[in-house]
Structure formats: C-alpha cells, structure tokens
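Below is one structure; the comments refer to it alone.
The values are calculated or read from the model by the stated rules, or taken from the named source; none is laboratory data. Every value quoted in this text rests on a predicted model; they were computed, and no experiment measured them. Note: ideal-geometry Cβ built from the backbone for every residue, glycine included; neighbour counts use all protein chains shown. For accessibility, only protein heavy atoms count, side chains too; no ligands or nucleic acids. Shrake-Rupley method; radii C 1.70, N 1.55, O 1.52, S 1.80 Å.
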Amino acid sequence: METFEFHYKALQDALDKRSFSGDRALIEKTIQYASEKHKNQKRKDGSPYIIHPLAVAQIVTEMGLDTEAILAALLHDCIEDTDTSHDEISKLFGETVAQLVEGVTKLTRANFSTTEQAQMENLRKMFMAMSKDIRVVLIKIADRLHNMRTMQYQSPSKQIIKCRETMDIYAPLAHRLGMQKIKWELEDTAMQYLAPDDYNGIMSYLNAHKEQDEAFMKTIQNTISQRLSSVGIRNTTYGRIKHVYSIYRKMQTQGKTMDELYDLYAFRVIVDTIPDCYNVLGHIHDLFNLVPGRFKDYISTPKPNMYQSLHTTVIGTQGVPFEVQIRTWDMHETAEYGIAAHWKYKQGTGNGDEKDFEWVRRLLESQQDTDAEDYLQSLKIDMFNDEVFVFTPKGRIVSLPAGSTPIDFAYAIHSGVGNSMVGAKVNNRIMGIGTPLNNGDIVEILTSKSSKCGPSRDWLNICKSNQARTKIKQWFKKEKREENVAHGRASFEAEMRRAGLPLPLTIDPEIGPQLLRKLAFDTWEDMYAAIGYGGLTAVKAVGRIRDDINKAMKLQSGDKSIPAVPAKNSAGDSARDDRHSVNGVIVEDIDSCMVKFAKCCTPVPGDAIVGFITKGFGVSVHRCDCPNAAHRDDPIQSARWVRVRWASQADQPFETTLELDCNTRDGLLLDVATTMSTNHIRLKELNGRELEGSKSIFTVRFEVKNVDELESIRKKLLNIPDVVATRRGQY
C-alpha cells in the first residue's frame, strides 16, 4: 500500500531536482488543506486519498510547471469530491488556481465512452480549456498518468474502459503536445490490460535477451562517445530499447515477429549547440553505414508539437540496424515534456509562442459545422495521425495530416484559394487534385477568378483534413442553400420511406417541434440544408428521431392494449408472391401498406406473427404470443387484426431484444459484449441494472436474421457464468 510519507518525499525531491524557487510555504499550506479535505476518503487499494493529489503534483512538478499549477494539482479533486467551493479556493489560494481546479473538474466529469455527441462536446471542452490555459489539460494528463499507474486496483471492466479511453484520447493528446515520455508510459500501461498476452510475450522476449541487448548498446554507446570526445564535442550518449507498444505496433503493421523487426534499438546523443548536432551527424555516418531513406531533419523542419531532433538509421559492424537521435539539451527537454517545457507560465521564461496553439484553434473552428461522428473521425486524422510536410513555391512549410491532397493544401493556405482552385502542380508537374502528397513536395495551386468556380461535393470524399472538409461545407452552406435544401429534403424523405416511418409526423404541430429539438435545428428547412451541404447525413437524422416517432405512433395507435384476430403462418406461405413485402413482411389482402415491428415483442423471421392496423401509421407486427395480442377475438377490435407472413428475403437483419437474469459480478457486462462480438452479432444496445440480493438484469438489443440465429446466441449467453436465465424483451 502506498503511503503519504513516500509521496510527500517524492514531491519534495522533484522540487529539489528542478531547483524550484517558488513559494514552498504555500505548497505546504496547500498539502495540509487538501489532506484535511480528503481525510475521510480512501483509494481503491485502501490507501489515503491524499496520495493521489500528491502524486499528480509530483508529475506536474517534473513537467516544469509553475507554483499555481502545482497548487491546482494538489487541489484538483477538491471541488469534485469534497465540500470545497470555487470561492473558497479563490479566497485561500487565488483566482487563477481556482479557475485551474474548476477547469480540471469539468474535464474529469467528461466521459469519453459515451455517444459520439457527448464525446464531441467533451473534446470541445478540452480544446476550449487548452486555448484558454494549457495547464488545465497538463494537470489532467498528470491525473490520468497516476491513475494508470494504479490501474491494477480497478475492476476488469473499468480497466478496459479506462485503458481504451487512454489509448483513444490521452496518449494521442500527449503526443500532440510533444510529451513523448508520458505518451510512452500511457501506451505501455494501457497495453498491459488491453492486450496482456501480446504485452507479456514482448516483455518475455526482452527479458530473455536483456544481457545481449545491454552488451550491444554499451558497445555502440562507447564507440560514439569516444569518437565525439576525441574531437572535442561535449555529449551525453545513451541507448534504449524502444517501448513495448511501439514494438507491438511495428509487429502488427509489418506482420513480423520480434526476431524480424528492423530497428529495436535507439540511441540518443545530446549536445550543447545546433552546429554540434550536424557535426555529430557527420561522425555517426563516418562510424556506421547509413541506411538510405531513413534520415529525417526535424531541426530545420520541427514537428507541429515543437519536437526537434536529427534522426538517422545506420548499421554497425555487427550487422544490426539502429536509430540515432541527435539533439540539444533544450530540444531534449521539449521532447520529454513537450509544450510544458516552453509554456509561458513556466517560471523565469516568457516563451509562449501563440503559433504553438494554431492547431487548437483550428480544431475548435472545425467542429462548428460538423456532425459529431464525422468530427471525431476527422479529429483522429487532424490531431493524432502523423504529419506530412510540404512547401509552397516560395518555400513556406505547410504541415498537413498524412495522406493529404492538393485540396487540403489549398484550404490550409486560405479558404479563398481552395474555393477558387481549378488544378494543382506538384513538383512543377500538373497533378490530379486527389493526388496524395509526400514529404518535401512543392505544391502550387492553380486558381480561377470565374464566378462559376467553386468546390465540388466530390471533394468532401477526396480531402483528408477536417479543416478542408469544414471550409468546403461552409461554402456550400453559404452559396448553395436552395440546392442544399432540395437535395437534403430528397435524401431525408427517401431515408424515412426506407425506414418505414411516416413523413406526415414531421409536420404534426405537436410532434414536429419535438423532433426538431432532438435534431438541434430551428426549422426543417435548416435541417434539409445541413444534409444538403454535408453537415449531417439523412441516415443519422432519421436514426436520431426514430425512437420519438415510434413512441408517437404507439401512443396514437393504442398498441399496448388492443386485442385481435389471429394470423396464419402456413408453411406454404413462403412460396407465395413476395412482391408486396415491406420490411420483410407481407400483409394479406392489403397492397403497399406501411409496416413496423412492435417493440413490445420484437418479432424476427421464424416467429409466428400477426398484424394490427394502426390509426394512420400502417400495420404493426406482433408475435402471436405477445401479451398485447392475447385477446385477438375481442369483437370490438377483431377487424383491425390481419394476417401477415414473413417474405422469403435472405440475410435481412431484424432487431430484437433479450433480457438476461444474472448474478452480479465484476466483468459480466464485458463477458456479454465479448460473446456478442465473438459471434459476429451486431450489438445495438447493452445496459444493465442492479437489483437487491446481488442480482442484475441486462438488456441486450441486437440484430439477427431469424429465430434460429436468435436461439443460437441465446444459448451462448446462457453459457456465460452467472447468466441464469433469458427471455425475449422490449426496447
């Protein structure tokens, strides 16, 4: 169990190591205050809760942040988990510290494992916080890092959720901020829980070859150090094995085993000046054989996260390839702690170059007219993927996401250039506007002043950057509204018909406004325009209002209590004419009527079914054993029950629901999800609720082709330990 004394000393050592000259008395006061506020709280391992804020403050100190950031790290859980208020922190420690704590608290409440809409909002909050004060996000990354270091105390299901969140959000964010040391630890720790077999396999290999690897690295290190010292270049040289997740990714992408990997070793040479870096490069190439095409100069062309180094891959006398990174001490500090090493709040400096945060502003701008799912996908391209560096004809460097095209380049220069583009030259040759750009390409955009010029809708499928996609959509939004409305209306109405939903409900004076609020538009015309210019898809629009429409239809039709006349599902029916089927169902004696499946019993092919004629919304299909179809012989409503049968349509998916009675235990939800995934079942919804007596009920909504497939997956779910019974459910 971790102790207060251990973490208190670790924080003091971190302050001493960086020769901290801030207000130590104020830090002591803050530790006492936080200890008092958290005195009755424990961590998962039973240790005092205060050790977590102490550990986060230690990481923030190691980043090189200022007194205010250290105080905020010590207090970062006070507003969230105690009776502390913003005003109280402001009064005792200053308004800036209170704002930092509140900023971290808002990010802590963000749950990155929810829907795309919630994810987009939470990411937007993070970028907003970064644009106002980067320290908020740096403290949050430190918070996540310590939580990952103690992940062994979490339940298996929580481990999976938190580690996936770390891989999807926090590790890439640390990379984008240039914090490589923290990024590597986050990735390696998360991999232990997400891919334990692969992690342990790599670690076993490294441990088995440890002595051999250390001897090789010592030989290379001595060779480099002796050469540089002999010519008067002061240097610090050391070698390392690349981190586990980096090795794992190489194995996955290259399809190789550990023995086949190209370069497991990396050596770092740290010198005093930039001229020394290039001198060292010459000596390295003299000592070892250069591997062609494996040299990168990030000193003259820094990465957007400010990373600078010379990278070269060489082969030694033993025939083993290895990478050498050459940098100055300032570059090394930036490589380890990224933006934190140069932030303007760092004591004794004033270097907060606003250009460092252009990418944050671009990400904030790009989310304004973008659908949530599209935004999240493009965000991973803009923020998390590797970059490609290209040049304008005048030599200006432009950084773009890997795989970008001249379209992306044009809009990176200016929206006016992109909107008037008619062609492009790459390295002085005319190339297609969809040509992928490579590092070092010189790109020239050909434009026209004609009023008829403008982007094509096809460009949305060609460009790679969210910046370009957003600007193209904005052009269509502004210039082509009437066309967008017509195009969007046609797409929306076609999708409504495909889904078997009634269009008249959208103009119903009671239901229509409710649907618009769900879609977040003021008018239907605005929604049609959004679909037209690409800000929203018809499929997503209909998906968001489907449940509301079905509820409205159910209320108007009285589905829940209407009795009926039985339907017949004879074996001979399947051979009959299917040309009038709707959604896989044929209604006897009624041609081309609307069909929907009752949510009270979720029928699938193979179930005996019966249809009920609703008031204005077609036929609702029930299972014959549905409680709502139990009194079909009631003379009052019998005329509204009709015969229906399944059409012979192969492989059409149907949604259904199972309810699982379970004994409560950790990891059960994950076991259910894994079973569905292993059997290639498309899961639509999975949730659970805990009952008294250590019992739980899980509701699983998914797609199957027929009742046989449903029965098969039901048996597999019953084989899961602590799943004791199943039954068909509602959704």
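Per-structure values
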{"read-out": "Residues of the stretch 602-641 that turn out to be more than 43 Å from the chain's Cα centre (by Cα), at pLDDT 85 or above and open to solvent by 20 Å² or more (accessible area, probe 1.4 Å), as a count", "value": "1"}
{"read-out": "Residue check, Ile720 of a type in the set (A, V, I, L, M, F, W, C) and touching a helix residue (DSSP H, G or I) at 6+ places or on another chain (Cβ under 7 Å)", "value": "yes"}
{"read-out": "When residues of the stretch 38-52 are limited to those that are in contact (Cβ under 8 Å) with a residue 40 or more places away in the chain and within 31 Å of the chain's Cα centre (by Cα), the one nearest to Thr3 (Cα to Cα)", "value": "Ile51"}
{"read-out": "Subset tally (residues that are open to solvent by 10 Å² or more (accessible area, probe 1.4 Å) and of a type in the set (A, V, I, L, M)) for the stretch 151-175", "value": "4"}
{"read-out": "The stretch 440-488: number of residues that are farther than 28 Å from Phe391 by Cβ, without any contact (Cβ under 8 Å) to a residue 40 or more places away in the chain and among the small types (Gly, Ala, Ser)", "value": "1"}
{"read-out": "Top-ranked residue of the stretch 137-160 - restricted to ones that are part of a helix (DSSP H, G or I), of a type in the set (Val, Ile, Thr) and at pLDDT 85 or above, ranked as farthest from Thr334 (Cα to Cα)", "value": "Ile160"}
{"read-out": "For Ile681: the one exception among (1) touching a residue at least 24 places away in the same chain (Cβ under 8 Å); (2) open to solvent by less than 70 Å² (accessible area, probe 1.4 Å); (3) under 30 Å from Tyr153 (Cα atoms); (4) hydrophobic (A, V, I, L, M, F, W, C)", "value": "(3)"}
{"read-out": "Test for Gly239: is it buried (at least 18 other Cβ atoms within 10 Å of the Cβ), assigned to a strand (DSSP E or B) and under 36 Å from the mean Cα position of the chain (by Cα)", "value": "yes"}
{"read-out": "Candidate set from the stretch 658-673 (those that are outside any loop (DSSP other than H, G, I, E, B) and among the charged types (D, E, K, R)); member that is farthest from the chain's Cα centre (by Cα)", "value": "Asp661"}
{"read-out": "Where a residue in the stretch 1-22 is closer than 12 Å to Ser47 by Cβ and in contact (Cβ under 8 Å) with a residue 24 or more places away in the chain and its partner, wherever it lies, is in a loop (DSSP other than H, G, I, E, B) and among the hydrophobic types (A, V, I, L, M, F, W, C), with Cβ under 8 Å and at least six apart", "value": "Phe4/Ile50"}
{"read-out": "Single unsatisfied condition, Ile531 versus (1) modelled with pLDDT of 80 or more; (2) open to solvent by 20 Å² or more (accessible area, probe 1.4 Å); (3) not acidic (Asp, Glu)", "value": "(2)"}
{"read-out": "Subset of the stretch 387-406 [under 26 Å from the mean Cα position of the chain (by Cα), assigned to a loop (DSSP other than H, G, I, E, B), surrounded by fewer than 18 Cβ atoms within 10 Å (Cβ to Cβ) and at negative phi]", "value": "Ala402"}
{"read-out": "Those residues of the stretch 691-731 which are in contact (Cβ under 8 Å) with a residue 60 or more places away in the chain and open to solvent by less than 20 Å² (accessible area, probe 1.4 Å), in sequence order", "value": "Val704, Leu710, Val723, Gly729"}
{"read-out": "Long-range neighbours under 6 Å by Cβ, at least six apart or interchain, first residue part of a helix (DSSP H, G or I) within the stretch 189-210, second open to solvent by 70 Å² or more (accessible area, probe 1.4 Å)", "value": "Tyr199/Gln192"}
{"read-out": "Test: residue in the stretch 270-285 that is in contact with a Lys or Arg (Cβ under 8 Å, 6 or more places away or on another chain), open to solvent by less than 80 Å² (accessible area, probe 1.4 Å) and assigned to a loop (DSSP other than H, G, I, E, B)", "value": "yes"}
{"read-out": "Qualifying residues in the stretch 286-323 (those that are of a type in the set (A, V, I, L, M) and in a loop (DSSP other than H, G, I, E, B)) - the one farthest from Val388 (Cα to Cα)", "value": "Val320"}
{"read-out": "Number of the condition not met by Lys464 [criteria: (1) of a type in the set (Lys, Arg); (2) more than 18 Å from Ala424 (Cβ to Cβ); (3) open to solvent by 50 Å² or more (accessible area, probe 1.4 Å); (4) touching a helix residue (DSSP H, G or I) at 6+ places or on another chain (Cβ under 7 Å)]", "value": "(2)"}
{"read-out": "Check on Arg249, surrounded by 12 or more Cβ atoms within 10 Å (Cβ to Cβ), in contact (Cβ under 8 Å) with a residue 12 or more places away in the chain, outside any loop (DSSP other than H, G, I, E, B) and not aliphatic (A, V, I, L, M)", "value": "no"}
{"read-out": "So Leu290, is it over 30 Å from Leu186 (Cα atoms) and open to solvent by 80 Å² or more (accessible area, probe 1.4 Å)", "value": "yes"}
{"read-out": "Search result, residues across the stretch 436-455 that are open to solvent by less than 80 Å² (accessible area, probe 1.4 Å), of a type in the set (S, T, N, Q) and at pLDDT below 85", "value": "Ser450"}
{"read-out": "Whichever residue in the stretch 217-236 is of a type in the set (D, E, K, R) and outside any loop (DSSP other than H, G, I, E, B) and, among such residues, is nearest to Tyr193 (Cα to Cα)", "value": "Lys218"}
{"read-out": "Filtered residue count, the stretch 535-549, keeping only those that are open to solvent by 20 Å² or more (accessible area, probe 1.4 Å) and modelled with pLDDT under 80", "value": "0"}
{"read-out": "Hits in the stretch 140-150 (condition: open to solvent by less than 40 Å² (accessible area, probe 1.4 Å) and either free of Cβ contacts under 8 Å to residues at least 12 places away in the same chain or over 20 Å from the mean Cα position of the chain (by Cα) (or both))", "value": "His146, Thr150"}
{"read-out": "Breaking point among (1) within 31 Å of the chain's Cα centre (by Cα); (2) open to solvent by 10 Å² or more (accessible area, probe 1.4 Å), for Phe20", "value": "(1)"}
